[in-house]
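Inspection log for the structure reproduced underneath, given as structure tokens.
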Amino acid sequence: MALKGAIVVDTERCKGCGVCVANCPTNTIALAHEVNSRGYNFVHMANPDNCTGCTNCATVCPDAVITVYRVKI
Amino acid sequence: MDINEIIKPENLVYKKTPILKDNILHYCPGCSHGVVHKIIAEVIEEMNIQEKTIGVSPVGCSVFAYNYLDIDWQQAAHGRAPALATAIKRLMPEKYVFTYQGDGDLASIGTAEIMHACNRGENIVVIFINNAIYGMTGGQMAPTTLLGQVTATTPYGRKAELNGYPLKITELIAQLEGTCYVTRQSVQNPASVRKAKKAIRKAFENSQMHKGTSFVEIVGTCNSGWKIPPVQANKWMEENMFPFYPLGDMKDR
């Protein structure tokens with residue numbers, strides 16, 4: 001049984017600190033080239049197929065911008 | 001599998017607790033304050049004590065904590081949060097009362113208040129954020145600044161003969177009879193965040209069992225004050241802060 005996950009990022013609240021990227025065990029997320037209205041490179045799923053929905057990124061996020069979904073397939 | 005098939009309410013595993021308001025935190029990117037606010041909010045939600053919790057915010061970056069957690073707050077004079085929390089808890093013993101203080105607030109100007117509140121064994125929770133610097137005022141030396149650490153007021157590094165030694169306030173507080181739970185935690189990776197959350201939950205539970213003061217130190221980062229980017233700041237903290245401020249429970253009874 002495999003786990004598939006996905007995250008939704010509140011891009012306007014994200015400050016692009018990158019702590020979530022450093023703590024992602026599957027190399028799913030990265031900072032985007034685009035910026036939000038405050039000039040921060042927000043986080044996004046660069047490799048969405050890798051995500052297992054482990055919630056590590058959301059747990060360490062200082063601004064609580066990440067929502068995590070997970071399914072068993 | 002398409003992402004839109006995963007993103008459905010029934011598959012939700014983690015979302016921001018409603019106790020944390022939607023205001024954008026004024027803290028710098030990567031600041032530990034945000035994580036600690038979040039785990040306090042999650043503990044309050046899990047214990048279902050939103051209506052019964054009163055926080056006391058300090059002077060420092062976290063002075064605006066009342067903008068972010070949807071509970072009752074009071075804001076104390078610099079360092080005086082334990083005195084204010086004492087009054088609140090004695091007048092309303094059924095409430096969960098906690099102070100949220102930084103190292104400039106608790107370990108410097110507020111040393112007298114925290115020592116005596118802990119020694120009296122007030123049934124409050126003290127959350128102490130130690131980032132070894134005065135963050136809000138521009139990165140000056142704090143009592144907790146490490147030897148050799150460069151700050152705005154110690155540009156060549158802290159020297160013991162000139163500036164004295166860093167203060168391990170949590171170890172001092174563990175000696176006091178009035179405290180029941182004294183611990184040092186951190187929030188730089190998922191495992192440490194979960195441990196810190198458990199410690200904060202235990203502290204809140206203790207405060208209602210009238211066992212004495214619960215003191216939770218969180219070793220945190222100040223990226224702007226340290227002048228290190230967030231991810232490297234977490235590494236710097238692990239390499240330099242943890243040897244001097246070792247994590248773990250100092251007292252639990």
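Scan segment B:35-52 for residues that are in contact with a Phe, Trp or Tyr (Cβ under 7 Å, 6 or more places away or on another chain) and buried (at least 23 other Cβ atoms within 10 Å of the Cβ) and the total you get is 2. Scanning segment B:227-245 for residues that are outside any loop (DSSP other than H, G, I, E, B), of a type outside the set (A, V, I, L, M), within 19 Å of B:VAL36 (Cα to Cα) and touching a residue at least 24 places away in the same chain (Cβ under 8 Å) turns up B:PRO230, B:ASN234, B:GLU238, B:PHE242. Determine if segment B:67-84 includes at least one residue that is closer than 22 Å to B:ASN206 by Cβ and polar (S, T, N, Q). Yes, segment B:67-84 contains at least one residue that is closer than 22 Å to B:ASN206 by Cβ and polar (S, T, N, Q).
The residues listed here are A:THR52, A:THR26; of these, the one that is in contact with a Cys (Cβ under 9 Å, 6 or more places away or on another chain), within 22 Å of B:SER192 (Cβ to Cβ), part of a loop (DSSP other than H, G, I, E, B) and of a type in the set (Val, Ile, Thr) is A:THR26.
Scanning segment B:27-61 for residues being within 15 Å of A:ARG13 (Cα to Cα) and away from chain A (no Cβ under 12 Å) gives a total of 0.
Scanning segment B:27-74 for residues that are of a type outside the set (A, V, I, L, M, F, W, C), in contact (Cβ under 8 Å) with a residue 60 or more places away in the chain and in a helix (DSSP H, G or I) yields B:SER32, B:HIS33, B:GLU42, B:GLU46, B:SER62. Checking every residue in segment B:64-81 against the condition of being within 14 Å of another protein chain (Cβ to nearest Cβ), out of contact with any Asp or Glu (no Cβ under 6 Å at 6 or more places or on another chain) and surrounded by 24 or more Cβ atoms within 10 Å (Cβ to Cβ) gives at least one match. The single condition among (1) more than 22 Å from B:LEU20 (Cα to Cα); (2) in a strand (DSSP E or B) that A:VAL8 does not satisfy is (1). Just name the residue that is surrounded by the fewest Cβ atoms within 10 Å (Cβ to Cβ) out of those in segment B:177-218 that are among the acidic types (Asp, Glu) and over 18 Å from B:MET47 (Cα atoms). Checking each candidate, the answer is B:GLU177. May I ask you to say which residue of B:LEU106, B:LEU162, B:LEU146, B:LEU167 is in a helix (DSSP H, G or I), surrounded by fewer than 24 Cβ atoms within 10 Å (Cβ to Cβ) and either within 18 Å of the chain's Cα centre (by Cα) or not polar (S, T, N, Q) (or both)? It is B:LEU162. I need the full set of residues from segment B:1-26 which are facing chain A (nearest Cβ under 7 Å), of a type outside the set (Lys, Arg) and either crowded, with 19+ Cβ neighbours inside 10 Å or not in a helix (DSSP H, G or I) (or both), in order please. Across segment B:1-26, the qualifying residues are B:MET1, B:ILE6, B:ILE7, B:LEU12, B:VAL13, B:TYR14, B:LEU20, B:ILE24, B:LEU25.
Checking each residue in segment A:26-73 for being more than 8 Å from chain B (Cβ to nearest Cβ) and touching a residue at least 60 places away in the same chain (Cβ under 8 Å) picks out only A:LYS72.
Computed from the coordinates by the stated procedures, all read-outs in this text should not be read as laboratory data. Please read all numbers here as calculations on a predicted model, not as lab measurements. Quick reminder, even Gly has a Cβ in these numbers, built from the backbone with ideal geometry, and neighbours come from all protein chains shown.
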